[in-house]
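The values are calculated or read from the model by the stated rules, or taken from the named source; none is laboratory data. Model, not experiment: these values are computed from the prediction. Positions of Cβ are generated from backbone atoms using ideal geometry, with glycine treated the same way; all protein chains shown enter the neighbour counts.
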Amino acid sequence: MESLSIVNVIIVLTIFFVSLGIAAYETYFERVVAAYIQDRVGPDYAGPYGLLQPLADAFKMFFKEDFMPAKADKLLFVMGPGLALFTALLTSAVIPFGDSLIIGGKEYLVQGIEVNIGILWVFGIVALGVYGILIGGWASNNKYSLYGAIRAASSNISYELAMGMAIIAIIMTSESLSVRAIVEQQHGINWNVFYQPMGFLIFLTCAFAECNRTPFDLPESENELVAGYHTEYSSMKLGSYLFAEYLNMFVTSAVISCLYFGGFNYPGMDWVHATLVGLAGETAGHNIATFVGLGAFFTKIFFFIFLFMWVRWTVPRFRYDQLMNLGWKGLIPLAVVNMVITAAAQLSGSPLIGGYIGLAIFLIVFVLLWPLTKPKSRML
Amino acid sequence: MQLTDRSKKTDKRELNLIERTYLPGLATGLGITIKHFFSKKATIRYPEQKRYLGPVFRGHHILKRDDQGRERCTACGLCAVACPAEAISMVAGERQKGEEHMYREEKYAAQYEVNMLRCIFCGLCEEACPKEAIYLRHDKFVPVFTSRDQVIYGKDQLVEDMKDRYNRDAWTKEDMEQMWVKQRIANGV
């Protein structure tokens, strides 16, 4: 790794502030999307189209009373939201937002840090993210908070297994743990989602569960647990928890786009790159092409953020046993099957056709064997 | 027992294999919500926009004047008698020489008060009035009061302003039906 330069610092800071800004505006868009789906218009008083709403929300949060329960563990109580926010922000470090920028004859990657274990980093930090919730719920000294925290921990652990196995199938095809390598391998429209549609569905479901979003938002199911792990939180500490959730949503959308939808790749990118280089010269053309790729990546991210919200305002919350059944009896076996299919397809020499043949064989066998299973032992 | 004709019988059959994956149900649900996402919004932005309440809405009271600007009320007291909430009270006065341009008949209401805390906006005063003097406006609410002094409305608040005359959009059922038709055409329905 070459020495840190000012350009790297600028890129890192830009990624940091962009993810914060997007997370802030997600809160606004969440409300607008919710309103539109429910035939309302949503917040539109603060500024034009209500665009200053996140600012107003932040002011409101800061000026609220910062209450701390008398018997709470003071240190952990403060640490909880901080940790949640910290882990949410860390993940975006390894995400390749764009190809590279050539400045002064040197090539800089549009990415926080390029490490060869990128996907492990994402996975590790996401697993760490549950500590924010767990510590907050524990430190509150409130049984509902604790219930919420335990629920968050157990659902995260359950769904991480299936998620990890879905990622293993990706790693098999890319033969690298680096997120950038995974993205570059999906050049053009050679996206993983076409190779592993089932893996994508598993990963998406697990991503919803990892973000604690509806239909898996049991840690904060208000009709059972008051507000779950953040029952005792108020003011900006509560704000940090909510903010961390939105940051997670942004990062998860980015990870899904990277792993399954080709990150900054888009159909016809070689032609665009060649045309831009022809028009604006080697350096400027390459840089502009990078920005076009950046646009493609953010379009994908925004689509997935919208999907998160769309699902939230469509699907009701699962029951806890349904959540566990889906995780352990549904997604984990499916993820194993997906792994086997991908491995076989990889060995067969033509991954695309092999993958679909494997999937078809699996579905046929499954449908044929289904009537033989006992109803009680069934998954889902 | 069926209480309404809108109730649907719950389908309690075992889900089949495809339904068990949740995917068809999920797709249907997402389809419904995205349809609503792009549909016309029902919101009326209240303080800026107000819903039209119809020509027969019973709001703020008004004591009408006739075409020449003379008060119609003769203080006969029928409205006060008709009022189920006993909200109306009045003091009659005799018209003096030179006041013919102010009052239509020899007797007039020197004071006319409506207690807005008692009034239930039933409109019986309007029906009882033989002189077509008192009406409940369709286009104006009685505003919120913040102290007890503001509760009793005197003639200064009730008598019609000749510069801003009150006219109902429709006086009869037939008028109203025509009005609805016109509105529907204007709305393009």
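Some observations on this one:
- When residues of segment A:12-69 are limited to those that are away from chain B (no Cβ under 14 Å), among the aromatic types (Phe, Trp, Tyr) and surrounded by 14 or more Cβ atoms within 10 Å (Cβ to Cβ), the one farthest from B:His36 (Cα to Cα): A:Phe16
Yes or no, residue by residue, for (1) among the β-branched types (Val, Ile, Thr); (2) outside any loop (DSSP other than H, G, I, E, B); (3) without any contact (Cβ under 8 Å) to a residue 60 or more places away in the chain; (4) within 21 Å of A:Ala34 (Cβ to Cβ):
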site: B:Leu3; (1), (2), (3), (4): no, no, yes, no
site: B:Lys8; (1), (2), (3), (4): no, no, yes, no
site: B:Glu19; (1), (2), (3), (4): no, yes, yes, no
site: B:Gly29; (1), (2), (3), (4): no, yes, yes, yes
site: B:Lys41; (1), (2), (3), (4): no, no, yes, yes
site: B:Tyr46; (1), (2), (3), (4): no, no, yes, yes
site: B:Arg51; (1), (2), (3), (4): no, no, yes, no
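- Taken over segment A:186-209, residues that are at pLDDT below 85, assigned to a helix (DSSP H, G or I) and among the polar types (S, T, N, Q) amount to 1.
- Qualifying positions in segment A:62-108 - in a helix (DSSP H, G or I) and in contact with a Lys or Arg (Cβ under 9 Å, 6 or more places away or on another chain): A:Phe77, A:Val78, A:Gly80, A:Pro81, A:Gly82, A:Val94
Let's see how each residue does on (1) farther than 25 Å from A:Arg319 by Cα; (2) within 14 Å of chain A (Cβ to nearest Cβ); (3) modelled with pLDDT under 90:
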| site | (1), (2), (3) |
| --- | --- |
| B:Lys8 | no, no, yes |
| B:Asp11 | no, no, yes |
| B:Thr21 | no, yes, yes |
| B:Arg45 | yes, yes, yes |
| B:Arg51 | yes, no, yes |
| B:Gly54 | yes, no, yes |
| B:Leu63 | yes, no, no |
| B:Cys79 | yes, no, no |
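- Candidate set from segment A:341-361 (those that are crowded, with 17+ Cβ neighbours inside 10 Å and not aliphatic (A, V, I, L, M)); member that is farthest from A:Asn190 (Cα to Cα): A:Gly358
- Pairing residues of segment A:55-70 that are more than 13 Å from A:Phe243 (Cβ to Cβ) with residues that are of a type in the set (Asp, Glu), at Cβ distances under 7 Å and at least 6 apart in sequence or on separate chains, gives A:Pro69/A:Glu232.
- Conditions (1) farther than 24 Å from B:Met90 by Cβ; (2) under 17 Å from the mean Cα position of the chain (by Cα); (3) surrounded by fewer than 12 Cβ atoms within 10 Å (Cβ to Cβ); number of the one not met by B:Met179: (3)
- Pick from segment A:70-122, criterion among the aromatic types (Phe, Trp, Tyr) and under 19 Å from A:Phe297 (Cβ atoms), ranking: surrounded by the fewest Cβ atoms within 10 Å (Cβ to Cβ): A:Tyr108
- Of all residues making up segment A:141-172, the number that are touching a Gly at 6+ places or on another chain (Cβ under 9 Å), β-branched (Val, Ile, Thr) and over 30 Å from A:His230 (Cα atoms): 2
- Those helices (runs of 4 or more DSSP H) lying entirely in segment A:281-380 with at least 1 residues out of contact with any strand residue (DSSP E or B) (no Cβ under 6 Å at 6 or more places or on another chain), more than 20 Å from B:Gly25 (Cα to Cα) and within 14 Å of chain B (Cβ to nearest Cβ): A:282-312, A:332-348, A:351-369
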